[in-house]
Amino acid sequence: MTVKMTRLRNGIVIVLLIEFVLALLGYIFISSKTSLVLATYIFIKNIIMLALIFYASSLINENNISVSEVLNDEAKNAFIFGGLGLIKYDKNRNISWTSDLFTEMKINIVGKKLLEWQPLLASLFEDDDIKVVDINSRKFEVYNSKESRMLYLKDVSDYIEISKEFEDQQICVAYITVDNYDESIEQADEQTAASIQSTSRQVILDWAKDNGVVLKRYKSDGYIAVFNERTYRKQVEDKFKILDIFKEQAEQLGQVMTLSIGIGRGSNILRELDELAFSALSLAYSRGGDQATVKSNDEPIRYFGGNSESYEKSNMIRARVIAQTLAGIIKKSDNVLIMGHKQSDFDSFGASIAMYAMCKAYGKKTYIIIDYDSLEEKTKTVATNLCDDERYRGVFISPLRAQELNMSNTLLVIVDNHKPSLAIDSNILDIVSNKVVIDHHRRGEEFVELPLLTYLEPAASSTVELIVELFEYQKEEICVTEREATIMYTGMLIDTNYFRTRVGTRTFQAAAKLKELQANVGEAYKYLEDDYDTTLTKLSITQTAYRYGEGILIAFGKLDKIYSRTLLAKAGNELLGISGVKAVFIVGKTGKEEISISARSTRDINVQLIMEKLGGGGHFSMAACQLEMEDVTRAINLLEEAVNMYLDERKSE
Ligand SMILES: Nc1ncnc2c1ncn2[C@@H]1O[C@@H]2COP(=O)(O)O[C@H]3[C@@H](O)[C@H](n4cnc5c(N)ncnc54)O[C@@H]3COP(=O)(O)O[C@H]2[C@H]1O
Ligand SMILES: [Mn+2]
């Protein structure tokens, strides 16, 4: 009964008693018959009322008493049943008392140091409110009431198990396609073609069966797969070994075929999963295939595999479609701006010139954005000479000048890069809305926003190769001078390290086309010749090369000297020529607070993945990164860590 009610009850009892006493006094003093009857009546009435009052209050008390009684006597069982435990500790964090739950679990910790028993609870004394810990293989949520020096524990094992099960059952959707399938079938005889079809299908089906994946073929070389999060996790643990299994099986058939997998997860809307999976697949393609790319709503994109160079596709259908679409876009625009990457080299500059020639063929006013301060040294010499050419009067403009142009119906063609941070001027990307990207780098996460057209072909040697190929399919005649063709040819030389790496049949076709356009090969080599001093500096860098693991060389030159990025690249090319060398990394200062790493490799090591770990990118066998720091030794340490990480990932694949 509440205090208020008790007071009320006592008040009424007193009033009744007073009433009775007054009636009694009345009778004693008056002694009349009436007063006797009145006193008797009041006596009987008050006895009845008191009886009723006490009965009612006893009823109220009974309910209240029963709760407190249970708390007193049954609290132990109630706490054990609810999985609740209490631990009291003293100011030295020694356990001074535990509730019955611990006796029940046969845990005797009284007298022990709390954090020695459960070190993980330390965070409860810092900033965490609640922590989950393992006690006798059950999970307990623990809350620390610091004022009362008491820990409240709640058994949440069942809840955690159910929520884990729930997560495990979440649906993932994947698109799986076979790279180079059509090309392999086209070139094979009947019997091999049949083996290619059945083997590639069987490998994927077996994988699906072993992993409980629902699989449906939706085109000759494409499948849609549905599985749950548990299966996905298993694939991650296995580092998607299906990629290697498939590649090996294809190799046994003498074919170069790989898988590209795009996975969508982390959403319970099926449509959204489908969209995520599809865009993950295009990402896998643009990074050169032979990999699984995973996209989810709230986690960063993950990549697995990517351990082979992209294979050039022999069919040119894509090039033709792109050429026609691009021509349509150019025709609709009033004028065109062309922009390469910062520190433009011959490929970036050559591609800009090639694009310029194409736009001029359609009679469009065209400008090439150039930043003379950041041009690669040799490209700068050539570009400056080209300025004097009548055809190029007013064509090269600075980023500032470009921003002043009237951009109402302007097309911006971005060549040889796709990351806004690498573009000569990223502001222009925000100003111009009609954009086209033509590039041959493996796609990174950062990408130009919403281009009208993207032509990203990591299998191509250079951007020049891609654009020269597009010449073939233009209806208008494209005029290219001997000097322009030579500059473009030099771009191909640079990006293929003088036709040593990343060359396919299409590379030579494009080179032949440039020769047809009167490219002067001797002159191209001249453009790239180094003088005596540069050669000595290059040699001084290569001299510092040391072995880091099997077939890997790292060189760094002088720790405090500032080099050009090109020079680092050249030293890298030089070292890669040594027999047995699979990858080389040249680390050097390229600014007061900038260190660049230039990476080169043969077919065995994907340096793009290593450079990506340090925020850079590039191609499978030619990549780089820039680090904002001063200390070359520190950069080398970071590089060694990235190499180790890459090799560990490969080992466990
Ligand atoms: N933060 C980042 N994120 C993503 N990707 C990044 C990146 N930083 C660099 N890259 C890419 O990595 C590739 C290798 O750069 P690297 O400077 O070693 O090597 C460059 C360049 O320094 C070198 N080069 C330029 N002129 C040269 C010359 N005259 N002689 C020798 N090599 C030259 O030729 C290579 C041209 O390669 P390409 O432009 O196709 O691709 C480049 C570059 O675009
Ligand atoms: Mn390039």
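The values are calculated or read from the model by the stated rules, or taken from the named source; none is laboratory data. Please read these numbers as outputs of a predicted model, since none were measured by experiment. Virtual Cβ from ideal backbone geometry, glycine too; neighbours counted across all protein chains shown.
For this structure, a couple of remarks:
- Residue match in the stretch 222-231 (condition: at pLDDT below 95, among the aliphatic types (A, V, I, L, M) and under 22 Å from Gly306 (Cβ atoms)): no
- Residue match in the stretch 304-321 (condition: of a type outside the set (Asp, Glu) and at pLDDT 90 or above): yes
- Some residue of the stretch 484-498 being hydrophobic (A, V, I, L, M, F, W, C) and more than 15 Å from ligand 2 (Cβ to nearest atom): yes
- Top-ranked residue in the stretch 597-624 [being part of a strand (DSSP E or B) and more than 16 Å from ligand 2 (Cβ to nearest atom); ranked as surrounded by the fewest Cβ atoms within 10 Å (Cβ to Cβ)]: Ser601
- Residue match in the stretch 447-458 (condition: under 24 Å from Arg500 (Cα atoms) and out of contact with any strand residue (DSSP E or B) (no Cβ under 7 Å at 6 or more places or on another chain)): yes
- On the stretch given as the stretch 614-643, residues that are farther than 15 Å from Gly591 by Cβ and touching a residue at least 60 places away in the same chain (Cβ under 8 Å) total 11.
- Evaluation of Leu405 against (1) surrounded by 15 or more Cβ atoms within 10 Å (Cβ to Cβ); (2) in contact (Cβ under 8 Å) with a residue 12 or more places away in the chain; (3) within 29 Å of Ala623 (Cα to Cα) (one fails), failing number: (3)
- Taking the stretch 211-252 as the range and being touching a Cys at 6+ places or on another chain (Cβ under 6 Å) and assigned to a strand (DSSP E or B) as the test, only Phe227 passes.
- The lone criterion from (1) under 25 Å from Leu553 (Cβ atoms); (2) buried (at least 20 other Cβ atoms within 10 Å of the Cβ) left unmet by Thr490 is number (1).
- Scanning the stretch 425-475 for residues that are over 24 Å from Gln291 (Cβ atoms) and either touching a Phe, Trp or Tyr at 6+ places or on another chain (Cβ under 7 Å) or small (Gly, Ala, Ser) (or both) turns up Ser426, Ser433.
- In the set (1) part of a loop (DSSP other than H, G, I, E, B); (2) within 16 Å of ligand 1 (Cβ to nearest atom); (3) not polar (S, T, N, Q), the condition left unmet by Tyr455 is number (1).
- Selection within the stretch 424-438 - within 16 Å of ligand 1 (Cβ to nearest atom) and buried (at least 22 other Cβ atoms within 10 Å of the Cβ): Ile424, Ile438
- Elements of the type helices (runs of 4 or more DSSP H) sitting completely within the stretch 315-432 and holding at least 2 residues that are among the aromatic types (Phe, Trp, Tyr): these cover 346-361.
- Test: residue in the stretch 519-526 that is surrounded by 15 or more Cβ atoms within 10 Å (Cβ to Cβ), closer than 20 Å to Glu482 by Cβ and aromatic (Phe, Trp, Tyr): no
- Across the stretch 192-209, the number of residues qualifying as touching a residue at least 12 places away in the same chain (Cβ under 8 Å) and touching a helix residue (DSSP H, G or I) at 6+ places or on another chain (Cβ under 9 Å) comes to 8.
- Against the conditions (1) among the hydrophobic types (A, V, I, L, M, F, W, C); (2) within 16 Å of ligand 1 (Cβ to nearest atom); (3) touching a Leu at 6+ places or on another chain (Cβ under 9 Å); (4) within 18 Å of Lys331 (Cβ to Cβ), Ile467 satisfies every one except (3).
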